[in-house]
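Q: Mind looking over this structure? Questions follow.
The values are calculated or read from the model by the stated rules, or taken from the named source; none is laboratory data. Keep in mind that this is a model prediction, so the values were computed, not measured. Virtual Cβ from ideal backbone geometry, glycine too; neighbours counted across all protein chains shown.
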Amino acid sequence: MSKDINIVSRGTKQVGQRLLPWIFPIVLLVVWQIASSSGLLENRILPAPTAVVSAFWHLLISGELWQHVKVSAGRALLGLFIGGGLGLLLGLLNGSSRFASTLLDTTLQMIRNIPALALIPLVILWFGIDETAKLFLVAVGVFFPI
């Protein structure tokens, strides 16, 4: 009998451990839905989860979602190629040449410490709100990790 209780206790504990990480996200979604439905949150600022799912489904069915995904993925890949290519090139140059390392490393390390979010106002001034600005931010974001 003790062995049966021990097995049930262990099974209950495993189920609890699997469900525990889901409690906070579910409670957060429920509170968000209630706050949106009751008017505490304006729909134009933070739409209800049901409205988000409905809009997602509508865009998916109409085919419009895939157009947006294609544009975003293209932008991300192009930024990856530009930033990754430059990062790889300068990394190889820095690693293979003492002169290049002496010349470039200090400047690159200073630029690396500037958060990409801090660059957004400057990027808007330099490039405007256009495809070039978005590509630049993606390229900067992948330049240093590569």
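Q: Let me confirm something: among 31, 8, 15, 27, which residue is more than 30 Å from residue 142 (Cα to Cα), of a type in the set (Val, Ile, Thr), at pLDDT 95 or above and exposed (fewer than 11 other Cβ atoms within 10 Å of the Cβ)?
A: It is 27.
Q: If you go through the stretch 38-49, how many residues are surrounded by 13 or more Cβ atoms within 10 Å (Cβ to Cβ) and assigned to a helix (DSSP H, G or I)?
A: Adding up the residues that qualify gives 1.
Q: Out of 85, 128, which single residue is on the phi > 0 side of the Ramachandran plot and in the same structural domain as residue 139 (by TED's automatic domain parsing)?
A: Selected residue: 128, the only one of 85, 128 that is on the phi > 0 side of the Ramachandran plot and in the same structural domain as residue 139 (by TED's automatic domain parsing).
Q: Then there's this: Could you list all residues from the stretch 54-70 that are exposed (fewer than 11 other Cβ atoms within 10 Å of the Cβ) and assigned to a helix (DSSP H, G or I)?
A: If the condition is that a residue be exposed (fewer than 11 other Cβ atoms within 10 Å of the Cβ) and assigned to a helix (DSSP H, G or I), then 61, 62, 68, 70 are the ones that fit.
Q: Give just the number: which of (1) assigned by TED's automatic domain parsing to the domain that holds residue 30; (2) farther than 30 Å from residue 37 by Cβ does residue 50 not satisfy?
A: Just one mismatch for residue 50, condition (2).
Q: Here is a further query. Select from the stretch 88-129 the residues that are within 21 Å of the chain's Cα centre (by Cα), surrounded by 11 or more Cβ atoms within 10 Å (Cβ to Cβ) and not in a helix (DSSP H, G or I) and list them in ascending order.
A: Within the stretch 88-129, 114 is the sole residue that qualifies.
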